[in-house]
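For reference, the structure discussed in these notes is given below.
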Amino acid sequence: MLVSHAVIPLDFQRCTVLTLTQGTGTGIWATDMADKFPNSQVIGTDLSPIAPGMQPDNVTFEIDDCCSAWVYPEDHFDFVHIRGLFGSIGDWPRLYREAYRHLRPGCYIEQVEWSVHNRASDGTMSFIPEFAQWSQNAIRVATMTGKTFEIAENMAGLLREAGFTDVVEKRFKWPVGPWSSDPKLKEIGRWNLLNWEEGMEGWVMAAYTRVLGVSAAFRMQCDPTRTAKPLSVVLSASPRLFATGENSSARPPASCLS
């Protein structure tokens with residue numbers, strides 16, 4: 001759901017929210033957001049049509065390429081949510097500039113990404129050969145396609161360069177498998193292991209066969225149940241929230257500041 005909801009001073013009941021997700025698919029994030037805040041307007045975008053379902057009336061899905069010029073008016077959105085676009089964007093600074101132009105003054109962007117560098121349960125880099133190969137192959141694909149898989153490590157700095165201020169970055173441990181002694185992390189790890197088991201083919205098939213030239217019969221054998229992926233969340237605000245000079249005490253014209 002909304003990772004940074006507790007620290008965002010926005011009234012989401014009155015917001016126009018644009019979500020940008022890698023393969024929005026069923027649109028579950030946008031649908032949950034619209035359900036939780038029924039007076040808001042939520043837009044989900046994807047390169048492919050979203051399958052119709054039981055979405056609430058305040059969410060719409062549009063076919064759009066976030067890497068192209070955005071078709072929405074400037075200063076239009078109160079919140080932009082980006083999740084899991086690593087390996088999909090050739091020009092991150094341009095995407096952030098588009099988000100900046102289309103956010104209302106004083107409103108927010110949130111991005112959630114995960115690292116391709118797997119780590120052992122104690123936080124050190126995993127030296128399991130298969131996981132090291134996984135990370136190295138991701139970097140090779142990024143070099144060959146021009147689309148980085150390391151945006152989790154760089155997005156905070158790039159957002160600042162785009163003009164955003166009050167950038168807050170939070171990093172979380174995302175276990176793969178139910179190995180943690182912490183009940184919450186154990187449950188997260190159980191679901192993430194299922195995520196890996198069901199998602200692996202979709203993650204690697206096109207990249208390995210079309211980019212790296214690997215045979216479709218290739219199989220990566222490993223036991224992921226004692227590793228963790230770093231999950232990073234960045235929240236930042238448009239600096240237009242902060243007036244200067246004689247108008248320094250003025251409130252921003254954002255429609256949904258709490």
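The values are calculated or read from the model by the stated rules, or taken from the named source; none is laboratory data. Values in this document were obtained by computation on a predicted structure and should not be read as measured data. Methodologically, a virtual Cβ is constructed for each residue, glycine included, from the backbone with ideal geometry; neighbour enumeration extends over all protein chains shown.
Just to be sure, is Gly23 assigned to a strand (DSSP E or B) and either touching a Ser or Thr at 6+ places or on another chain (Cβ under 8 Å) or at pLDDT below 90 (or both)? Please lay out each step first, then the result.
Numbers: assigned to a strand (DSSP E or B): no; either touching a Ser or Thr at 6+ places or on another chain (Cβ under 8 Å) or at pLDDT below 90 (or both): yes.
No: the conditions fail for Gly23.
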task: Kindly indicate the residue of the stretch 115-145 that is touching an Asp or Glu at 6+ places or on another chain (Cβ under 9 Å) and either within 17 Å of Phe86 (Cα to Cα) or among the aromatic types (Phe, Trp, Tyr) (or both) and also surrounded by the fewest Cβ atoms within 10 Å (Cβ to Cβ) among those meeting that condition.
output: Ile139
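Does Phe172 meet the test of being more than 23 Å from Ala69 (Cβ to Cβ), assigned to a helix (DSSP H, G or I), touching a strand residue (DSSP E or B) at 6+ places or on another chain (Cβ under 7 Å) and not β-branched (Val, Ile, Thr)?
Judged against the criteria, Phe172 is not a match.
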task: Just give me the residues in the stretch 76-95 being crowded, with 16+ Cβ neighbours inside 10 Å and without any contact (Cβ under 8 Å) to a residue 40 or more places away in the chain, in sequence order.
output: Leu95
